[in-house]
């Protein structure tokens with residue numbers, strides 16, 4: 001369908017600019033942009049959805065050739081605000097500020113960076129919290145089931161409206177990585193480089209099981225009320241538990257042991273009650289509560305279901321057929337740790353890309369045991385650099401890795 005731009009402005013984003021103009025509908029700061037589609041979009045489930053609003057942020061400038069765009073696809077809990085600050089009162093910068101910005105791994109002095117909240121989200125793009133035009137109430141569970149492919153379709157409509165003719169690169173992790181794969185397959189002539197982080201061509205039974213337990217925690221919360229809860233009194237407990245379950249999967253057993261062990265949070269003696277006292281308990285409590293304050297329970301249901309449905313082998317018959325027409329260069333970041341992490345081992349499919357369809361894969365990058373922060377350890381680097389990486393801060397580590405990526409993929 002056609003897309004009508006709400007606000008297509010973009011700015012060089014290197015600080016909290018006082019000259020930034022306000023952006024209608026979405027508080028997306030100096031790089032804010034958005035689109036609105038009144039025409040129905042046919043979804044993979046067979047239903048149609050309209051209207052569709054898309055919240056996005058852009059960074060840097062599109063060059064005259066129009067060939068310097070990098071699309072960033074966020075993971076489950078992310079949003080369009082990938083870098084910088086929306087205002088002087090912001091307490092936190094964008095979720096990938098350490099990687100995106102002037103002089104950083106994805107250099108906004110050089111690249112035009114686009115990041116949008118994907119379909120089904122709760123940060124400006126149409127999703128379950130949006131108003132259903134048929135009822136003038138939030139969709140809730142009346143929102144149609146969506147897929148990763150549907151998310152990518154909406155992203156493509158946005159880029160068309162922004163005048164993007166080709167992507168220099170698309171990068172994303174976890175569910176964002178699934179979108180990267182879908183982009184490379186669905187639009188082979190549009191994507192020059194695909195960088196997939198900690199992702200997979202499909203989730204295994206254990207990963208689906210963890211997602212199912214999280215969804216059931218939400219559905220069983222008495223405040224869920226069939227998905228038509230009020231924002232002030234939603235299924236907070238269920239959503240917090242779902243997030244706790246998710247964070248258990250983000251760390252390997254070894255990482256959990258070294259980070260928490262059996263340490264007590266604020267005492268050296270047991271309290272002999274059911275309050276949280278182990279360090280790992282209070283960590284999960286914090287993660288659950290902070291998630292509730294910024295995320296929507298219905299969106300959690302729909303997004304995790306979309307990730308469960310993602311299965312390239314099922315969709316195309318074989319992975320060979322799935323990647324048959326892919327022309328992108330691939331950079332893989334995968335893990336070989338023995339954890340409950342959703343992407344452990346499942347990322348190994350990239351190895352096959354070297355053998356089929358002449359896909360160009362640069363090198364492997366193994367993630368460490370601390371899966372919640374995704375520090376990279378590129379084996380292609382010389383040993384001295386490798387050992388140096390283990391002893392530097394995460395921001396410095398991201399900078400090294402993304403500069404490394406930039407040299408080989410973006411030039």
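Assign one of three labels to segment 57-125, namely rounded, prolate or oblate, based on the Cα gyration tensor with a ≥ b ≥ c the square roots of its eigenvalues; rounded applies when a/c is under 1.5, prolate when it is not and a/b is larger than b/c, and oblate otherwise.
On the way: a/c = 2.04, a/b = 1.32, b/c = 1.55.
Cα axes put segment 57-125 in the oblate bin.
Between segment 60-128 and segment 258-336, how many Å separate their Cα centres?
Taking the Cα centre of each part, segment 60-128 and segment 258-336 sit 21 Å apart.
By how many nm would the segment from residue 141 to residue 270 grow when fully extended, if each residue of separation counts as 0.36 nm and the alpha-carbon distance is taken off? Don't skip to the answer; put the middle values down first.
Working: separation 129, 0.36 × 129 = 46.44 nm, distance 4.31 nm.
That works out to 42.1 nm of additional length.
Under a plain spin-label model, where a point goes 7 Å from the Cα along Cα-to-Cβ, how far apart in nm are residue 91 and residue 64?
Spacing of the two 7 Å Cα→Cβ label points: 4.7 nm.
Kindly state, to the nearest 0.05, the FRET efficiency for residue 253 paired with residue 216, given R0 = 22 Å and r defined as their beta-carbon distance.
Working: r = 24 Å, r/R0 = 1.10.
Once rounded, the FRET efficiency stands at 0.35.
Could you order the peptides 113-121, 153-161 from most to least packed, using the average number of other C-beta atoms within 10 Å per residue?
Values: 113-121: 28.8, 153-161: 20.9.
Descending packing order for the listed peptides: 113-121, 153-161.
Does segment 193-281 come out rounded, prolate or oblate by the C-alpha gyration tensor, with a ≥ b ≥ c the root eigenvalues, rounded set by a/c under 1.5 and, if not, prolate when a/b is larger than b/c and oblate if not? Walk me through the intermediate numbers first.
Values: a/c = 2.46, a/b = 1.10, b/c = 2.23.
Oblate.
For segment 117-166, place one equal point scatterer on every Cα, skip the solvent, and apply the Debye formula. What is log10 of I(q)/I(0) at q = 0.13, 0.15, 0.19, 0.20 Å⁻¹?
-0.35, -0.46, -0.67, -0.72
Which shape class, rounded, prolate or oblate, goes with segment 100-211 when its Cα gyration tensor gives a ≥ b ≥ c as root eigenvalues, a/c under 1.5 marks rounded, and past that a/b bigger than b/c marks prolate? Could you put the intermediate results ahead of the total?
Details: a/c = 1.93, a/b = 1.34, b/c = 1.43.
Cα axes put segment 100-211 in the oblate bin.
The numbers here are math on the coordinates, done by the rules we state, and not lab data. Just so you know, these numbers come straight off a predicted model, no measurement behind them. Cβ sites come from the backbone with ideal geometry, for glycine too, and all protein chains shown count toward neighbours.
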